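Chemist: Would you mind keeping the following structure in view while I ask a few things?
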Amino acid sequence: MYVRYFSRLLSAMAGPRPVVLSGPSGAGKSTLLKKLMKEYDGVFGFSVSHTTRNPRPGEENGRDYHYVTRDVMQAGIDNGDFIESAVFSGNMYGTSKAAVQDVQAKNLICILDIEMQGVRNIKRTDLNPIYISIQPPSMAVLEKRLRDRKTESEENLMKRLHAAKAAIEFSKEPGQFDVLIVNDNLEDAYGQLKNALLEEINKVKKVNTSS
Ligand code: ADP
Ligand code: 5GP
(Lines give C-alpha, C1' and ligand atoms only; values in the text may rest on other atoms or scores of the structure.)
(Ligands and ions follow the chains in the order given, each with its own letter.)
Protein backbone atom coordinates (compact mmCIF):
# COMPACT_ATOMS: atom_id res chain seq x y z
CA MET A 1 0.00 0.00 0.00
CA TYR A 2 2.77 2.45 1.00
CA VAL A 3 4.82 1.31 -1.98
CA ARG A 4 1.94 2.11 -4.29
CA TYR A 5 1.40 5.48 -2.63
CA PHE A 6 5.06 6.48 -2.92
CA SER A 7 5.40 5.28 -6.48
CA ARG A 8 2.34 7.38 -7.40
CA LEU A 9 3.77 10.35 -5.53
CA LEU A 10 7.10 9.99 -7.30
CA SER A 11 5.51 9.78 -10.73
CA ALA A 12 3.37 12.86 -10.00
CA MET A 13 6.47 14.76 -8.86
CA ALA A 14 8.33 13.75 -11.99
CA GLY A 15 5.63 15.49 -14.07
CA PRO A 16 3.90 14.22 -17.19
CA ARG A 17 5.72 11.90 -19.58
CA PRO A 18 7.07 13.56 -22.71
CA VAL A 19 5.83 12.44 -26.11
CA VAL A 20 7.96 11.62 -29.13
CA LEU A 21 6.19 11.98 -32.49
CA SER A 22 8.08 10.44 -35.36
CA GLY A 23 7.41 9.18 -38.87
CA PRO A 24 8.27 10.09 -42.46
CA SER A 25 8.42 13.72 -43.51
CA GLY A 26 4.97 14.56 -44.91
CA ALA A 27 3.11 11.98 -42.81
CA GLY A 28 1.26 14.75 -40.99
CA LYS A 29 3.11 15.15 -37.68
CA SER A 30 3.03 18.97 -37.64
CA THR A 31 -0.62 19.05 -38.72
CA LEU A 32 -1.66 16.70 -35.91
CA LEU A 33 0.53 18.43 -33.39
CA LYS A 34 -0.88 21.86 -34.17
CA LYS A 35 -4.43 20.55 -33.74
CA LEU A 36 -3.47 19.05 -30.39
CA MET A 37 -1.79 22.19 -29.08
CA LYS A 38 -4.78 24.26 -30.17
CA GLU A 39 -7.38 22.04 -28.53
CA TYR A 40 -5.32 21.53 -25.36
CA ASP A 41 -3.97 24.97 -24.72
CA GLY A 42 -1.92 24.91 -21.51
CA VAL A 43 -1.42 21.13 -21.55
CA PHE A 44 1.26 20.57 -24.17
CA GLY A 45 4.49 22.37 -24.87
CA PHE A 46 6.55 21.95 -28.02
CA SER A 47 10.24 21.17 -27.72
CA VAL A 48 11.67 23.74 -30.14
CA SER A 49 14.52 22.04 -31.99
CA HIS A 50 17.55 23.61 -33.59
CA THR A 51 18.09 23.17 -37.31
CA THR A 52 20.45 24.34 -40.02
CA ARG A 53 17.72 24.29 -42.68
CA ASN A 54 16.13 27.53 -43.87
CA PRO A 55 12.75 28.62 -42.47
CA ARG A 56 9.71 27.88 -44.66
CA PRO A 57 7.20 30.63 -45.34
CA GLY A 58 5.08 31.05 -42.22
CA GLU A 59 7.63 29.49 -39.90
CA GLU A 60 8.98 31.58 -37.05
CA ASN A 61 12.38 31.51 -35.39
CA GLY A 62 12.03 30.37 -31.77
CA ARG A 63 8.52 28.98 -32.32
CA ASP A 64 8.94 26.32 -35.03
CA TYR A 65 12.71 25.94 -34.78
CA HIS A 66 15.80 27.80 -33.70
CA TYR A 67 17.41 28.41 -37.09
CA VAL A 68 21.18 28.33 -36.75
CA THR A 69 24.31 27.94 -38.84
CA ARG A 70 26.24 24.68 -38.93
CA ASP A 71 29.04 26.26 -36.88
CA VAL A 72 26.67 27.37 -34.12
CA MET A 73 24.92 23.99 -34.07
CA GLN A 74 28.19 22.04 -34.00
CA ALA A 75 29.53 24.24 -31.19
CA GLY A 76 26.36 23.54 -29.16
CA ILE A 77 26.71 19.80 -29.75
CA ASP A 78 30.41 19.88 -28.78
CA ASN A 79 29.46 21.81 -25.66
CA GLY A 80 27.00 19.07 -24.59
CA ASP A 81 23.94 21.30 -24.99
CA PHE A 82 21.96 18.70 -26.97
CA ILE A 83 20.08 15.59 -25.82
CA GLU A 84 20.21 14.26 -29.38
CA SER A 85 21.03 15.42 -32.86
CA ALA A 86 20.93 13.97 -36.36
CA VAL A 87 21.50 14.82 -40.00
CA PHE A 88 18.35 14.60 -42.12
CA SER A 89 18.08 15.43 -45.81
CA GLY A 90 21.42 17.26 -45.68
CA ASN A 91 20.61 19.44 -42.67
CA MET A 92 21.35 19.15 -38.96
CA TYR A 93 18.53 18.88 -36.44
CA GLY A 94 18.74 18.55 -32.68
CA THR A 95 16.89 18.74 -29.37
CA SER A 96 18.64 20.93 -26.83
CA LYS A 97 18.45 20.14 -23.15
CA ALA A 98 17.04 23.65 -22.65
CA ALA A 99 14.19 23.01 -25.13
CA VAL A 100 12.90 20.11 -23.06
CA GLN A 101 13.62 21.73 -19.69
CA ASP A 102 11.71 24.90 -20.68
CA VAL A 103 8.56 22.84 -21.27
CA GLN A 104 8.96 20.53 -18.29
CA ALA A 105 9.53 23.47 -15.93
CA LYS A 106 5.97 24.56 -16.75
CA ASN A 107 4.68 21.06 -15.94
CA LEU A 108 3.45 20.63 -19.52
CA ILE A 109 3.58 17.50 -21.68
CA CYS A 110 6.69 18.02 -23.77
CA ILE A 111 6.28 17.04 -27.42
CA LEU A 112 9.31 16.18 -29.52
CA ASP A 113 8.89 15.94 -33.31
CA ILE A 114 11.99 14.02 -34.35
CA GLU A 115 13.19 11.66 -37.06
CA MET A 116 14.36 8.05 -36.76
CA GLN A 117 17.95 8.59 -35.62
CA GLY A 118 16.68 10.97 -32.95
CA VAL A 119 14.31 8.27 -31.68
CA ARG A 120 17.19 5.82 -31.44
CA ASN A 121 19.26 8.36 -29.53
CA ILE A 122 16.45 9.35 -27.16
CA LYS A 123 16.13 5.67 -26.23
CA ARG A 124 19.62 5.87 -24.74
CA THR A 125 18.56 8.70 -22.39
CA ASP A 126 16.40 8.69 -19.26
CA LEU A 127 13.67 10.87 -20.84
CA ASN A 128 11.17 7.96 -20.82
CA PRO A 129 8.71 9.36 -23.38
CA ILE A 130 5.69 7.77 -25.03
CA TYR A 131 6.81 6.88 -28.57
CA ILE A 132 4.21 7.52 -31.26
CA SER A 133 4.73 6.84 -34.95
CA ILE A 134 2.69 8.71 -37.54
CA GLN A 135 2.58 6.85 -40.83
CA PRO A 136 1.14 7.75 -44.26
CA PRO A 137 -1.42 5.40 -45.83
CA SER A 138 1.01 4.68 -48.71
CA MET A 139 4.17 5.97 -50.37
CA ALA A 140 2.04 7.37 -53.21
CA VAL A 141 -0.08 9.41 -50.80
CA LEU A 142 3.03 10.57 -48.97
CA GLU A 143 4.60 11.80 -52.20
CA LYS A 144 1.42 13.63 -53.16
CA ARG A 145 1.20 15.33 -49.76
CA LEU A 146 4.83 16.39 -49.87
CA ARG A 147 4.46 17.73 -53.42
CA ASP A 148 1.22 19.55 -52.60
CA ARG A 149 2.85 21.13 -49.54
CA LYS A 150 5.20 22.88 -52.00
CA THR A 151 7.97 23.34 -49.45
CA GLU A 152 10.70 21.18 -51.01
CA SER A 153 12.84 21.35 -54.11
CA GLU A 154 12.72 18.25 -56.33
CA GLU A 155 16.11 17.16 -54.95
CA ASN A 156 14.95 17.55 -51.36
CA LEU A 157 11.70 15.79 -52.09
CA MET A 158 13.61 12.77 -53.40
CA LYS A 159 15.84 12.74 -50.31
CA ARG A 160 12.80 12.85 -48.06
CA LEU A 161 11.03 10.06 -49.94
CA HIS A 162 14.18 7.95 -49.73
CA ALA A 163 14.41 8.57 -45.96
CA ALA A 164 10.67 7.80 -45.67
CA LYS A 165 11.23 4.20 -46.78
CA ALA A 166 13.70 3.66 -43.93
CA ALA A 167 11.38 5.41 -41.45
CA ILE A 168 8.47 3.16 -42.47
CA GLU A 169 10.63 0.04 -42.06
CA PHE A 170 11.87 1.33 -38.70
CA SER A 171 8.32 1.80 -37.42
CA LYS A 172 7.62 -1.87 -38.18
CA GLU A 173 10.45 -3.07 -35.91
CA PRO A 174 8.75 -4.60 -32.87
CA GLY A 175 9.00 -2.50 -29.73
CA GLN A 176 10.21 0.73 -31.34
CA PHE A 177 6.90 2.57 -30.85
CA ASP A 178 4.16 2.37 -28.25
CA VAL A 179 1.51 3.54 -30.72
CA LEU A 180 1.33 3.42 -34.51
CA ILE A 181 -1.14 5.75 -36.22
CA VAL A 182 -1.88 5.68 -39.95
CA ASN A 183 -2.83 9.22 -40.93
CA ASP A 184 -5.31 8.56 -43.72
CA ASN A 185 -8.38 10.49 -42.60
CA LEU A 186 -7.13 13.39 -40.49
CA GLU A 187 -9.95 13.35 -37.94
CA ASP A 188 -9.57 9.59 -37.39
CA ALA A 189 -5.83 9.92 -36.91
CA TYR A 190 -6.32 12.86 -34.55
CA GLY A 191 -8.83 10.84 -32.52
CA GLN A 192 -6.31 8.02 -32.16
CA LEU A 193 -3.60 10.45 -31.11
CA LYS A 194 -5.80 12.01 -28.44
CA ASN A 195 -6.78 8.58 -27.21
CA ALA A 196 -3.15 7.55 -26.84
CA LEU A 197 -2.45 10.66 -24.76
CA LEU A 198 -5.60 10.80 -22.66
CA GLU A 199 -3.97 9.51 -19.48
CA GLU A 200 -1.18 12.11 -19.57
CA ILE A 201 -3.64 14.88 -20.56
CA ASN A 202 -5.82 14.07 -17.55
CA LYS A 203 -2.80 14.07 -15.24
CA VAL A 204 -1.85 17.59 -16.33
CA LYS A 205 -5.42 18.85 -16.13
CA LYS A 206 -5.80 17.45 -12.61
CA VAL A 207 -2.61 19.11 -11.36
CA ASN A 208 -3.48 22.43 -13.01
CA THR A 209 -7.02 22.57 -11.67
CA SER A 210 -5.94 21.66 -8.12
CA SER A 211 -3.25 24.37 -7.95
P1 ADP B 1 5.08 16.36 -41.38
O2 ADP B 1 5.03 17.36 -40.27
O3 ADP B 1 4.96 14.96 -40.91
O4 ADP B 1 6.23 16.56 -42.31
P5 ADP B 1 2.75 17.82 -42.38
O6 ADP B 1 1.93 17.95 -41.15
O7 ADP B 1 3.48 19.03 -42.86
O8 ADP B 1 3.76 16.58 -42.27
O9 ADP B 1 1.78 17.28 -43.53
C10 ADP B 1 2.21 17.18 -44.87
C11 ADP B 1 1.13 17.73 -45.80
O12 ADP B 1 0.02 16.83 -45.80
C13 ADP B 1 0.60 19.10 -45.36
O14 ADP B 1 0.40 19.90 -46.50
C15 ADP B 1 -0.72 18.77 -44.66
O16 ADP B 1 -1.65 19.80 -44.79
C17 ADP B 1 -1.17 17.51 -45.41
N18 ADP B 1 -1.91 16.53 -44.59
C19 ADP B 1 -1.64 16.14 -43.32
N20 ADP B 1 -2.50 15.20 -42.90
C21 ADP B 1 -3.35 14.97 -43.93
C22 ADP B 1 -4.48 14.10 -44.12
N23 ADP B 1 -4.91 13.25 -43.18
N24 ADP B 1 -5.10 14.13 -45.31
C25 ADP B 1 -4.69 14.96 -46.29
N26 ADP B 1 -3.65 15.83 -46.18
C27 ADP B 1 -2.97 15.83 -45.01
P1 5GP C 1 11.32 19.36 -41.37
O2 5GP C 1 12.51 19.89 -42.13
O3 5GP C 1 10.27 18.79 -42.31
O4 5GP C 1 10.76 20.35 -40.40
O5 5GP C 1 11.84 18.14 -40.49
C6 5GP C 1 12.51 17.07 -41.09
C7 5GP C 1 12.65 15.93 -40.13
O8 5GP C 1 13.45 16.33 -39.03
C9 5GP C 1 11.31 15.48 -39.54
O10 5GP C 1 11.26 14.06 -39.62
C11 5GP C 1 11.36 15.93 -38.10
O12 5GP C 1 10.68 15.02 -37.26
C13 5GP C 1 12.86 15.87 -37.84
N14 5GP C 1 13.30 16.71 -36.73
C15 5GP C 1 12.85 17.94 -36.37
N16 5GP C 1 13.50 18.37 -35.27
C17 5GP C 1 14.36 17.38 -34.91
C18 5GP C 1 15.29 17.20 -33.83
O19 5GP C 1 15.47 18.03 -32.96
N20 5GP C 1 16.00 16.04 -33.82
C21 5GP C 1 15.84 15.07 -34.76
N22 5GP C 1 16.58 13.98 -34.63
N23 5GP C 1 14.97 15.19 -35.77
C24 5GP C 1 14.24 16.33 -35.85
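Chemist: Taking the solvent-accessible surface of protein heavy atoms with a 1.4 Å probe, what is the per residue accessible area of the chain in Å²?
Modeler: Value returned for the chain: 56 Å² of accessible area per residue.
Chemist: Considering only protein heavy atoms and a 1.4 Å probe, what is the carbon-and-sulfur percentage of the accessible area of segment 2-203?
Modeler: With neighbouring chains kept in place, the figure for segment 2-203 is 52 percent.
Chemist: Can you give the extra length, in nm with one decimal, that the chain gains between Asn79 and Asn208 once fully stretched, where that is 0.36 nm per residue apart less the Cα-Cα distance?
Modeler: 42.9 nm
Chemist: Here is a further query. Need the full-extension length gain, Leu180 to Asp71, defined as separation in residues times 0.36 nm minus the C-alpha distance. One decimal, nm.
Modeler: Answer, rounded to one decimal: 35.6 nm.
Chemist: Can you show me the helix-derived [θ] at 222 nm for the chain, built from DSSP H runs with n ≥ 4 at -39,500 (n - 2.57) apiece and divided by the number of residues, rounded to the nearest 500. Numbers along the way, then the final one.
Modeler: On the way: 8 runs with 102 residues, N = 211.
That calculation yields -15000 deg cm²/dmol at 222 nm.
Chemist: List the lysines whose alpha-carbon lies under 27 Å from that of Lys172, not counting same-chain residues fewer than 8 positions away?
Modeler: Lys172 reaches Lys29, Lys34, Lys35, Lys123, Lys144, Lys159, Lys194.
Chemist: Oh, and also: Taking the Cα-to-Cβ direction at Lys34 and at Arg149 and moving 7 Å from each Cα, how far apart do the two end points lie in nm?
Modeler: 1.1 nm
Chemist: I've got another one for you. What is the distance in Å between the Cα centres of segment 16-81 and segment 139-187?
Modeler: For segment 16-81 versus segment 139-187, the Cα centre distance is 17 Å.
Chemist: Another question, if that's okay. Considering only the chain, what is the antiparallel percent among its DSSP beta bridges, to the nearest 5?
Modeler: 30 percent
Chemist: Could you work out the relative contact order of the chain? I mean the mean sequence separation of Cα pairs under 8 Å and 6+ apart, divided by the number of residues, in percent.
Modeler: 30 percent
The values are calculated or read from the model by the stated rules, or taken from the named source; none is laboratory data. Keep in mind that what you see is a predicted model, and the values were worked out from it rather than measured. Every residue, glycine among them, receives a Cβ derived from its backbone with ideal geometry; neighbour counts consider all protein chains shown. Ligands, DNA and RNA are stripped out before the accessible areas are found, and what is left, the full protein with its side chains, is counted by its heavy atoms. Shrake-Rupley method; radii C 1.70, N 1.55, O 1.52, S 1.80 Å.
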